[in-house]
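Everything on this sheet refers to the single structure shown next.
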Amino acid sequence: MALPPQAQGRPKLKTAFKKARTIAPLYTAGAVAVTSDGKRLVSCVAEEILLTDVESGEEICRFVGDTQPINSLCITPSSSHLLVFTSSLSLRIYELPENTTTATTDNDAGPKTTSKSSKSRIPPVRVVGRAHEAPVHICVVDPTSTYLASGSADGTVKVWHILRGYVTHVFKGHGGVVSALTFSYPRNGHGDDDDVTTAAAAAEDGKRTMRLVTASVDTRIRVFNLTEGASTSSGGGGKAEAVLEGHVSVPRGLDVSEDGRWLVSGGRDSVVLIWDLQGKGSSEKSKSSKSKSKGKGGRVSALTPTLVRTIPILERVEAVGLIGSTTSDDHEDGDLRFFTGGEKGVIKLWDAKQGEVVQQFGQATASEDLEEQRQIMNVIYLPSTSTLISVHADQNIIFHSLKDGSLSRQLIGYNDEIVDASFLNYPSSSSSSPNKNGSDSHIALATNSSLIRVYSTLNLDARLLEGHSEIVLALDHSSDGRRLVSGSKDKTARLWAPMSLSENMDESSSSSSTWGYGCVGLCEGHAESVGAVAMARGASEKPTFMFTGSQDRTIKMWDLSSLPSHSSSSSSSSSSTDAVVHCKSLTTHKAHEKDINSLDVSPNDRFLSGSQDRTAKIYEIIYTTTSSSARGELKLLGTCKGHKRGVWCVRFSRHERVVATGSGDKTVKLWSMDDYSCLRTFEGHTNSVLRVDWLRGVGGLQLVSAGSDGLLKVWNVKEEECVATLDGHEDKVWALALSSDERTIVSGAADSVVTFWKDCTEEDEEEKEAKRAEMVLRQVHKDQDFMNYVSMQDYKRAIQLALAMSQPGRLFSLFKEVSGHEETALTGNASVDGVIKTLGGSELAKLLRYVQNWNTNAKTVAVAQGVLFAVMKLRSAEEVIGAFGEESSEKAFAEGGGVTVTASTGRTAVKELVDALIPYSERHLSRLERLVQESYVVDYILGEMDDGMEVDLS
């Protein structure tokens, strides 16, 4: 079967792709901080510190570190500075760049992020070496963004002046690692002994007291007075105003109300304690030691904390904080609300007076293994946006809205190895469609995890699909892109559908931050891992059947006719199985002798499978339905044999009767569906070809392949050549997905990076055409300038311009024109002699190379010898050697310093020039001597002819 030639009117082949954006690791471990407006997030990836735009998900910049792991970090409430403690025990202070990042919608490549500091590396403005004697695992900044408190593993707490970089207080005596810190600085006039009505007045009078509350592994909470307490001048031996005893395990969270009265503490003893720092509320029995300190003028202020309430949380608490208005006029804790986060992976909002949960954010997982992965490490509260941000042990960062209790955004910190990818079209109203045309709005990723990641292609907002109990190996989508199927090592396949519009979004709203997918179908029956899945490609919006391929070497066909088109909100929870349909197997076929790696279904219902047994088999699908049941069969039509290693991927062409396969033998092969013979073999990858797909928008004339060499290659099927190689990964490329308009290719690799490649063929051609037109126009202008210089006899500029344009022909014409005009001039013109005498080093070297070329031709040798004679007379040997040395230096600089230039470089170049000039010069000299000798013969003959014709007239 011969492939058809390219027809007239077909789109141009795609020959250029550029990297539009990437989904790279955002957070691997350690501390996380968010600016007060919630727009920028600071996180750690290994030893790197990243600043990310939350809205677009794009990296803004990175901060210059000291190549050591990050122990703790925090951002000032004013969002002006970032403070970092590393394993080297140093304190590094950075200025955060201005928030100039803007995101605009682009239907092809997602958001475009512009920032003054984009992709730059910001150095610290101050570095304090060895700030502590032990690692610092907790740090916090006071509400005025003036002071930083840091607690180390040796039980020492230091207070720093941020802008000036010195220590103001040192507190010792903690019984082990400092586990929590918070500042108490009343901001509404309540809670101090003095009746202060406004914060401004309190600041002016110096009457507001700033305190620091600390907790350590000795289970005690200490309160230090920073306004009247000990400083570094006293040797750091300042005593605590109060030592609170109530926890029986390490406290992990502390927070003080805005009025400075209420303190809430939570720990790993699964309780939260409410303390009245002024001792005015009704209290339980409390073990708090109290101390007094003398202030200015001999005034004594006493701190008398009392334990007001103990609330059992029934889980280890890792984070706790107060929310909203926290006091009432009668000094009771009537409207005191706080949040907790811990081992169960959900945020709970509590009413302190009732001791009950009033709201819960997130869903608890049913699996104990997943519960350990999803446990909360920290919770950040942003009052300005009424948002709670939870940081989980599985590197996920989730934004919860306090206004409506919804999950507003989820950032996935680390994806591990990317195994497969598939575009999805999430249904939505026109007002809330993520993309203008509603297509390719999301992309699903299978990683080295049992959780499926689904990203919005608009802003990288993500969701995790929980259901499989082991690693997900394969993904595929329905013909309309709305449903997703996944195959896993747990021997099952699951089908996922979008949540109902009425349950996941408000039709009248202009944006939909709440979206998700739920499991609607389950396929059970394979004896081994399900490594390949394929859904029907028919025109029907609702898929009727699908296939799964397994390590048990069988293919199963499943009936999907009873699946719902949407999932309910309850079915998105792993604990709910009522809405999940158990699909019926229509047929089971023993297909291959080894593991089945890939499946595909053609538009005309042919079926294709690829296996580790080096073959690809083509089947006919027989699917019939009745009013009560459906039947399905597979009939083998042919086998494609020829690969030397296992077949990793198989794909039907949507335009021609051909099949593409990618194999471990480093090749891509095309097979005829008429006689199952090999039509083409594409070679170019240096390792196994793992994925292959057709670019259908160009009439089936192009293929895309991805391999273990980390490269993507775009092939011209007709010419059997590679037209583009995309290099954006450092490891095996397992995942390959094409957008519906085929202007975007998505690749995912074992390096945990997902890359979006945008087709830029038209832009590239326009840019080349613009450069070509500009070059032609510039050439025309230079040609005119050269002619003007010659007409004005400005030979210096004419010669320099010809050398700069690399036009030896024009230069030859100039030397030929001036030769012989003046007998006293070496070149025939005194002005030209002066130009040769003053030419720069590289220009002189270029001229001599032109002379070398002219010297090889008898027609141009006269001019060459004339110019060479002038150079030898007007320039010294040292100048000529220096000219070639300077030329070599310029070439080395242009090549990025890749060539080493030594003192002998110029001598070597001159020797090569002379060696090339001598043979031709000797040959031309011999020719001239021979012509002179022959001229004597002519003279003799003419003379003899004259003698013979003499007549005696006398």
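The values are calculated or read from the model by the stated rules, or taken from the named source; none is laboratory data. Since the model is a prediction, treat every value here as computed from it, not as a measurement. No Cβ is skipped: glycine too gets one built from the backbone with ideal geometry, and neighbour counts run over all protein chains shown.
Below, the figures for the structure above:
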quantity: Within the range 710-748, tally of residues that are over 12 Å from Arg691 (Cα atoms) and assigned to a loop (DSSP other than H, G, I, E, B); calculated: 13
quantity: Enumeration of residues in the range 475-518 that are crowded, with 20+ Cβ neighbours inside 10 Å, hydrophobic (A, V, I, L, M, F, W, C) and at pLDDT below 90; calculated: Met499, Met505, Trp515
quantity: Close pairs (8 angstrom Cβ cut-off, 6 or more residues apart or separate chains): in the same structural domain as Trp854 (by TED's automatic domain parsing) and farther than 23 Å from Phe884 by Cβ in the range 910-928, in a helix (DSSP H, G or I) and not polar (S, T, N, Q) anywhere; calculated: His924/Val861
quantity: Hits in the range 435-457 - residues which are over 23 Å from Gln373 (Cβ atoms) and surrounded by fewer than 20 Cβ atoms within 10 Å (Cβ to Cβ); calculated: Lys436, Asn437, Gly438, Ser439
quantity: Scan of the range 42-60 for residues that are crowded, with 22+ Cβ neighbours inside 10 Å, closer than 18 Å to Pro123 by Cα and hydrophobic (A, V, I, L, M, F, W, C), ordered by number; calculated: Val42, Cys44, Ile49, Leu51, Ile60
quantity: Odd one out for Trp757 among (1) modelled with pLDDT under 80; (2) in contact with a Gly (Cβ under 8 Å, 6 or more places away or on another chain); calculated: (1)
quantity: Among (1) under 30 Å from Asp476 (Cβ atoms); (2) surrounded by 15 or more Cβ atoms within 10 Å (Cβ to Cβ) - the single one Ser740 does not satisfy; calculated: (2)
quantity: Verdict on Asp759 being surrounded by 23 or more Cβ atoms within 10 Å (Cβ to Cβ) and not basic (Lys, Arg); calculated: yes
quantity: Strands (runs of 3 or more DSSP E) within the range 285-360 that include 3 or more residues crowded, with 19+ Cβ neighbours inside 10 Å, modelled with pLDDT of 90 or more and within 45 Å of the chain's Cα centre (by Cα); calculated: 317-323, 337-342, 347-351
